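The values are calculated or read from the model by the stated rules, or taken from the named source; none is laboratory data. Every value quoted in this text rests on a predicted model; they were computed, and no experiment measured them. Methodologically, a virtual Cβ is constructed for each residue, glycine included, from the backbone with ideal geometry; neighbour enumeration extends over all protein chains shown. Surface accessibility is based on the protein's heavy atoms, side chains included, excluding ligands, DNA and RNA. Shrake-Rupley method; radii C 1.70, N 1.55, O 1.52, S 1.80 Å.
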Amino acid sequence: MQKGSFSLTIPFRIFYLLFLGFGFLCFSQIAGAQAECPVQLSQQRVVVRYGGSVAVNCSTSVSHKGMGWEASEGAVAMTRDSLITWRVSNLTEWEIKPYCYINHKEQCQVELPVIIYKTPDNVSISIVKHRRTMIAGRQYQLQCDVQNVAPVHNLTVKWYKGQTLLNQTTFTEDSKTPVNVNPSVLIRPDRDDDGAQYRCEAELDLGAEGPQYPPNKTSDFLSITVYSKPIINETKLPSKVPVFREYSEEIVCEAEGNPKPTISWILGTNDIVYNEVLTISESTPEYVSCVANNSVGTTTRNFTVFIQDISISTVNHTEPMTAGKQYDLQCSIKYVAPFKIVDVGWYKWNKNNIIETIKTPDILTYTVQICPDKADNGSQFWCEAKLEAEGTQRTSTMKSANLSITVHFKPIINETKLPSVVPVFRGCSKEIVCEAEGNPKPTISWILGTNDIVYNETLTISESTPEYVSCVAENSVGTTTRKVKVFIQDISISTVNHTEPMIAGKQYDLQCSIKYVAPFKIVDVGWYKWNKNNIIETIKTPDILTYTVQIRPHRADNGSQFWCEAKLEAEGTQRTSTMKSANLSITVHFKPIINETKLPSVVPVFRGYSEEIVCEAEGNPKPTISWILGTNDIVYNKALTISESTPEYVSCVAENSVGTTTRKVKVFIQDISISTVNHTEPMIAGKQYDLQCSIKYVAPFKIVDVGWYKQNKNNITETIKTPDILTYTVQIRPDRADNGSQFWCEAKLEAEGTQRTSTMKSANLSITVHFKPIINENKLPSVVPVFRGYSEEIVCEAEGNPKPTISWILGTNDIVYNEVLTISESTPEYVSCVAENSVGTTTRKVNMVLKEDYLPLIAGLIAVIVAFISVIFIFIYSIYYKTAKMGHYSLKDAKPSAQNGDIAQNGKHSPIPMKKFSQSDILA
């Protein structure tokens, strides 16, 4: 066998030849039939819309015996024409099979294939078994409903998202008549599909014979909403956010999601900020989280707030500095690893370098010591740190804010302008000036005596000026005093080494300084307060002599006047002179003394009432009064209002510069209360309950009598003295009349060993009593008559607490909810009124007795009787009438009839005496 050829087995060859022969035979028959039937159709195949018109020509070129169209619609009868047309104006026969026939040598026919198409009545798209919003990532089924389309095997359903073709569905069913089809397709939307519009299109592909543009029909758009979990934009929110000290920065958390996510920031356990923008600063926590949340899920982005900072401060000092003292300045550096500190410099005027290469800690602290002087007031200090990133040449320099220092220094008095000795002549005055430099600016005062202070830079001195005056320059740092001696021929009294007010009970020296003019000598020196105490001196030489005396002032000496006198005698002569010092008024300061009479150590107060207690204290300086009610509760006032909420122990504190005096006061609460025992709900009538009287009293009071009150008093006598709280109980069994009753208890207290008594009354306890309904039987009898043909109302009234509901039971399932029931002959024989509340139910059974109404019968009988009586009356009246009238006629000589007789005679023909009736007789 040659290369590339193939061989067949003998059985397969036979099968193959038979198959080719069979196919050739079929083709030759069809071709032969077409070739043998000498007619030509103007269209080999017809595509027409349902209800449309169609026209196809059938022609022949041979002579024939007749030709025509055979069809269920538009048939053409056989004719000898050579061209005939099959025409239908409204084609509605789905299964139509027209054919053209001809009688030539023999009859033959050619069939015309007809395709009738119909576009859908409606095309709609929907989601299968889902009407809610879609979730991104989940799978959903879309369905296209195509109604009344034909032929279905020519139908193609196309699926679109927007203008993009997603899928196509074709059909294999061989149905010529219209059908409904419901193809579906699966989708798995993502977040980008939110708002996407889906549609399906039904298109009929009818081939070349069909319309130029295949007929189609499109559904409305199905717009879908896709919910998706938030995605935080990490580009706009890095994992580390630096912030510089004393600066704020805004960071934004943007998140994409549907529904639109809510943005919140978690700054701590309970610190949440709801906003897309967060302002961070040095006070922001180190770790912050942005949380984006919607109904699909939550996304969290954690990041670190990194604070880069350098600051300069004083160490353990916040006030202004004092000149000459030593202080520490501290440079605190907080940097971001992997930076390392290369250089730290301190600056005022010159740079002081500190080299550091430590890389690990986040915060480093450097200190330097300074000892400022007054020239440094207002100086600026700062520090700088040079940072270098590890392993790179990238550097960063951080400079702290300037630290401006204020230097306070003690006043310096200008001694050039204020000499230490200033002479002054008696009878003349002179001005001296005290100037001082200091920070804060000093106040200038002159001390001329114990209580004589002049606040001015200038002082006018004279003979009345003390021998020594002092200029005092004072500020918050300290006090500088410049003592000036005023040289006056005089005598003066003063305290020794003491200028402040004296303290009662302490010892002080008074000094009498005598400045005299030689050749006088001191003959006599006397000290005065109220009595004169003489000191004899004969020393002659010095120009100034000083004498002292000791005093121990007490509080009564406050404001007392002291002075001294000296008798001078000129040597060798009898000429004498007496000099008297100015008065020295002393101020005596003493510790506060609290008035214990007005503030007892034990103060009772009754529950529900308030009372004022007053703390008065004497002292110099005037003391400040405060009350200590607890660890942190202090009231600054003389009067304190106490009540049951006041602590058991309070203290009055009287304080001045000499000392503090405290008086402790016990606040005793007297109280009595009434309550139920283990019961808070309304009481039930007839049940037993315990009432409890709790008494809190003040020892040494004892309980003499305890009384329970409602209407009458029930005494319980007790003599127990020890406990602070006693409890007494009494049992009650309330009935319905007790609803709203007031109960209280009283206790009579008596102080042991005295006749002092106190009566305490509790607040009223109002009780609510619930009781079972009681039906008013007077208004609802047990037997109620009912007259046939009439209706009547019966009323069921019931008393109870809570207010009962009223119902009537007329039968097994017939219940009427009302207090009033209308009864008639159709009402059951027995009805029941049911009164019910939360305590119980009361039922009253009523017998309905049906009675006949005899009133019409009685009325008829009375009418008959009246009529009968009326007839009798008329009859009697008529007799009377006849008798009365006929008595005027004479019957003399009249002969009675033998047959009739006389009506006035009896049967013996004798006259019957007749009585004439009067009107009264008739009426009687």
Residue hits (segment 582-623; part of a strand (DSSP E or B) and more than 30 Å from residue 551 (Cβ to Cβ)) are 602, 603, 604, 605, 606, 611, 612, 613, 614
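If you check residue 550 against the conditions, is it part of a strand (DSSP E or B), surrounded by fewer than 12 Cβ atoms within 10 Å (Cβ to Cβ) and at pLDDT 65 or above?
Details: part of a strand (DSSP E or B): yes; surrounded by fewer than 12 Cβ atoms within 10 Å (Cβ to Cβ): yes; at pLDDT 65 or above: yes.
Yes, satisfied.
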Over segment 553-573, the set of residues open to solvent by 50 Å² or more (accessible area, probe 1.4 Å), modelled with pLDDT of 85 or more and closer than 12 Å to residue 584 by Cβ is 561
Go through (1) of a type outside the set (Phe, Trp, Tyr); (2) open to solvent by 40 Å² or more (accessible area, probe 1.4 Å); (3) over 30 Å from residue 759 (Cα atoms); (4) modelled with pLDDT of 90 or more one by one and return the number of the condition residue 681 breaks.
-> (4)
So which of 709, 649 is under 40 Å from the mean Cα position of the chain (by Cα) and at pLDDT 75 or above?
-> 649
Of the residues 342, 315, which is modelled with pLDDT under 80 and open to solvent by 30 Å² or more (accessible area, probe 1.4 Å)?
-> 342
Conditions (1) assigned to a loop (DSSP other than H, G, I, E, B); (2) within 26 Å of residue 40 (Cβ to Cβ); (3) in contact with a strand residue (DSSP E or B) (Cβ under 9 Å, 6 or more places away or on another chain) -> residue 108 fails only (1)
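From the set of residues in segment 142-159 that are of a type outside the set (A, V, I, L, M) and in a strand (DSSP E or B), which is most open to solvent (accessible area, probe 1.4 Å)?
Of all residues in segment 142-159, those of a type outside the set (A, V, I, L, M) come to 143-145, 147-148, 151, 153-154, 156, 158-159.
When the remaining residues are screened for being in a strand (DSSP E or B), the result is 143-145, 147-148, 156, 158-159.
On the way: 143: 51, 144: 0, 145: 34, 147: 82, 148: 58, 156: 24, 158: 34, 159: 6 Å².
Per the stated criteria, the residue is 147.
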What pairs can you find where one residue is in segment 255-270 and on the phi < 0 side of the Ramachandran plot, the other is of a type in the set (D, E, K, R) and assigned to a loop (DSSP other than H, G, I, E, B), and their Cβ atoms are less than 6 Å apart, with a gap of 6+ or different chains?
-> 258/194; 263/276
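I want to confirm something. Restricting to segment 197-218 and keeping residues that are charged (D, E, K, R) and modelled with pLDDT of 90 or more, which single residue is surrounded by the fewest Cβ atoms within 10 Å (Cβ to Cβ)? Steps first, answer last, please.
Within segment 197-218, the subset charged (D, E, K, R) is 199, 201, 203, 205, 209, 217.
Those still in the list that are modelled with pLDDT of 90 or more too: 199, 201, 203, 205, 217.
Working: 199: 21, 201: 19, 203: 18, 205: 13, 217: 17.
Checking each candidate, the answer is 205.
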So how many residues does segment 272-304 have that are among the aromatic types (Phe, Trp, Tyr) and at pLDDT 95 or above?
-> 0
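Quick one: which residue in 825, 793, 829, 819 is closer than 14 Å to residue 847 by Cβ, open to solvent by 30 Å² or more (accessible area, probe 1.4 Å) and either within 47 Å of the chain's Cα centre (by Cα) or of a type outside the set (Val, Ile, Thr) (or both)? Before the answer, list the steps.
Details: 825 fails: closer than 14 Å to residue 847 by Cβ; 793 fails: closer than 14 Å to residue 847 by Cβ; 819 fails: closer than 14 Å to residue 847 by Cβ.
Criteria check complete, one pass: 829.
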Can you tell which of 404, 420, 429 is within 19 Å of residue 582 (Cβ to Cβ) and loosely packed, with under 14 Cβ neighbours inside 10 Å?
-> 429
Looking at segment 50-64, which of its residues are closer than 12 Å to residue 103 by Cα and touching a strand residue (DSSP E or B) at 6+ places or on another chain (Cβ under 9 Å)?
-> 60, 62, 64
Candidate set: segment 161-186, residues that are closer than 20 Å to residue 114 by Cα and touching a residue at least 40 places away in the same chain (Cβ under 8 Å); chosen: the one surrounded by the most Cβ atoms within 10 Å (Cβ to Cβ) | 178
Close pairs from segment 411-423: first farther than 19 Å from residue 467 by Cβ, partner among the charged types (D, E, K, R) and open to solvent by 60 Å² or more (accessible area, probe 1.4 Å), Cβ under 8 Å, at least 6 apart | 411/437; 411/474; 412/437; 413/435; 414/435; 414/437; 417/435
Which pairs have Cβ atoms under 7 Å, sit 6 or more apart or on different chains, and link a residue in segment 496-513 that is part of a strand (DSSP E or B) to one that is acidic (Asp, Glu) and open to solvent by less than 40 Å² (accessible area, probe 1.4 Å)?
-> 513/467
Filter result for the condition that a residue is assigned to a loop (DSSP other than H, G, I, E, B) and within 30 Å of residue 451 (Cβ to Cβ), over 657, 626 | 657
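Does residue 604 satisfy the condition of being at pLDDT below 90, more than 38 Å from the chain's Cα centre (by Cα) and open to solvent by less than 70 Å² (accessible area, probe 1.4 Å)?
yes
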Selection from segment 219-264 of residues that are open to solvent by less than 20 Å² (accessible area, probe 1.4 Å), out of contact with any Asp or Glu (no Cβ under 8 Å at 6 or more places or on another chain) and in a loop (DSSP other than H, G, I, E, B) = 261
By residue number, the members of segment 65-103 that are open to solvent by 20 Å² or more (accessible area, probe 1.4 Å), over 20 Å from residue 45 (Cα atoms), touching a strand residue (DSSP E or B) at 6+ places or on another chain (Cβ under 7 Å) and not hydroxyl-bearing (Ser, Thr, Tyr) are 65, 77, 78, 80, 103
Residue satisfying all of: in segment 712-741; aliphatic (A, V, I, L, M) and assigned to a strand (DSSP E or B); modelled with the lowest pLDDT among these | 716
Given the structure, is residue 648 acidic (Asp, Glu), exposed (fewer than 13 other Cβ atoms within 10 Å of the Cβ) and more than 30 Å from residue 496 (Cβ to Cβ)?
-> yes
